[in-house]
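Q: Please see the structure below; I have some questions.
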Amino acid sequence: GIQVEQSPPDLILQEGANSTLRCNFSDSVNNLQWFHQNPWGQLINLFYIPSGTKQNGRLSATTVATERYSLLYISSSQTTDSGVYFCAVRPPGGGNKLTFGTGTQLKVEL
Amino acid sequence: GAVVSQHPSRVICKSGTSVKIECRSLDFQATTMFWYRQFPKQSLMLMATSNEGSKATYEQGVEKDKFLINHASLTLSTLTVTSAHPEDSSFYICSARVNQRLYNEQFFGPGTRLTVL
């Protein structure tokens with residue numbers, strides 16, 4: 001099956017700093033989503049981005065499907081950004097299944 | 001975005017009992033729902049795909065007789081953990097997919113934390 005790797009696995013930032021999270025996948029995809037899992041376990045949809053670039057406030061994402069990676073940018077980080085960030089992908093012909101990446105644990109400190 | 005609810009949020013039960021978890025899509029119809037399991041500090045692992053009006057499709061290694069799934073309507077899927085044991089303790093998360101031809105984003109419920117004593 002498709003492999004999804006995220007980097008870095010852990011990240012500690014000072015409030016106000018910027019960061020880039022990466023998601024590499026081993027095969028072509030027709031769906032890619034980014035999620036933030038908050039400390040209570042809720043998965044929050046950040047982006048539905050099988051290709052191209054999107055922005056939402058301090059967050060933006062870019063997926064280069066031909067090169068099999070996606071990037072999530074967080075600018076001016078806040079303590080509420082802390083949590084785990086997951087990307088998840090679905091390959092063509094992969095049924096309905098989303099395969100989750102390994103995750104990036106982010107901690108934003110004052 | 002679409003809203004998915006899950007109930008209960010937390011359950012503690014004795015070994016040998018069965019536990020039912022409900023997953024509802026509140027503002028859209030979902031012909032397909034999904035059940036995931038997450039262990040501490042790990043990623044989400046798909047357990048099964050729930051299809052409205054038909055049998056669920058289970059991932060390799062998931063016991064279908066232990067994890068019973070029923071998708072009786074376009075807005076409700078249930079997961080029943082039968083004869084639960086301590087090793088079934090985990091965080092269970094459901095999701096539902098918006099099913100349009102060129103758009104099929106998945107939305108997730110808040111999860112159910114199961115503790116089996």
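Q: Under 20 Å from the 7 Å Cα→Cβ point of residue B:29, by amide nitrogen: which residues of the range B:51-89?
A: B:51-56, B:70-78
Q: Could you compute the net charge surrounding residue A:40? Neighbours are other residues with a C-beta less than 12 Å from the C-beta of residue A:40; K and R count +1, D and E count -1. If you can, show how the numbers build up before the last one.
A: Numbers: positive: B:10, B:113; negative: none.
That sum, taken over residues with Cβ under 12 Å, equals +2.
Q: Towards the positive end of the charge dipole of chain B, with charges on Cβ (+1 Lys, Arg; -1 Asp, Glu), say which of B:72, B:98, B:38 has the farthest Cα.
A: Of B:72, B:98, B:38, it is B:38.
Q: Taking the protein assembly as shown, how much of its Cα-Cα pair set, in percent, is spaced more than 31 angstrom apart? Don't skip to the answer; put the middle values down first.
A: Values: 5463 of 25651 pairs.
For the protein assembly as shown, the share of Cα pairs beyond 31 Å comes to 21 percent.
Q: Hey, another quick one. Please enumerate, by chain and number, the lysines with C-alpha under 23 Å from the C-alpha of residue B:55, excluding those fewer than 8 residues away in the same chain.
A: A:97, B:20, B:64, B:66
Q: Between residue A:107 and residue B:22, what is the FRET efficiency for a Förster distance of 30 Å, r being their Cβ-Cβ separation, to the nearest 0.05? Mind dumping the intermediate values first?
A: Numbers: r = 33 Å, r/R0 = 1.11.
Efficiency, rounded to the nearest 0.05: 0.35.
Q: Only bridges whose two residues both fall in the protein assembly as shown count here: according to DSSP, what percent of them are antiparallel, nearest 5? Kindly include the intermediate steps, with their values, before the conclusion.
A: Working: 75 of 84 bridges.
Once the DSSP bridges in the protein assembly as shown are tallied, antiparallel ones form about 90 percent.
Q: Using a simple spin-label model with points 7 Å from Cα along the Cα→Cβ vector, what separation in nm is obtained for residue A:79 and residue B:76?
A: 4.2 nm
Q: Given an 8 Å cut-off on Cα distances and at least 6 residues of separation, report the relative contact order of chain B as a percent. Could you put the intermediate results ahead of the total?
A: Details: 293 pairs, mean separation 42.3, N = 117.
Relative CO of chain B lands at 36 percent.
Q: Follow-up. Calculated FRET efficiency, residue B:66 and residue A:5, Cβ-Cβ r, R0 30 Å, to nearest 0.05?
A: Values: r = 31 Å, r/R0 = 1.02.
Here the calculated transfer efficiency is 0.45.
Q: Same structure again: How much FRET efficiency would the formula 1/(1 + (r/R0)^6) give for residue A:17 and residue B:55, where r is the Cβ-Cβ distance and R0 is 45 Å, rounded to 0.05? It would help to have the intermediate numbers written out before the result.
A: Working: r = 49 Å, r/R0 = 1.09.
It comes out at approximately 0.35.
Q: Next up: So, with +1 on the Cβ of K and R and -1 on the Cβ of D and E, and no other charges, what is the size of the charge dipole of chain B about its Cα centre, to the nearest 20 debye?
A: Working: 12 positive and 9 negative charges, 30 e Å.
Computed about the Cα centre, the dipole is about 140 debye.
The numbers here are math on the coordinates, done by the rules we state, and not lab data. The model shown is predicted, which means the values in this text are computed figures rather than measured ones. Glycine gets a Cβ as well: all are built from the backbone with ideal geometry, and neighbour counts include every protein chain shown.
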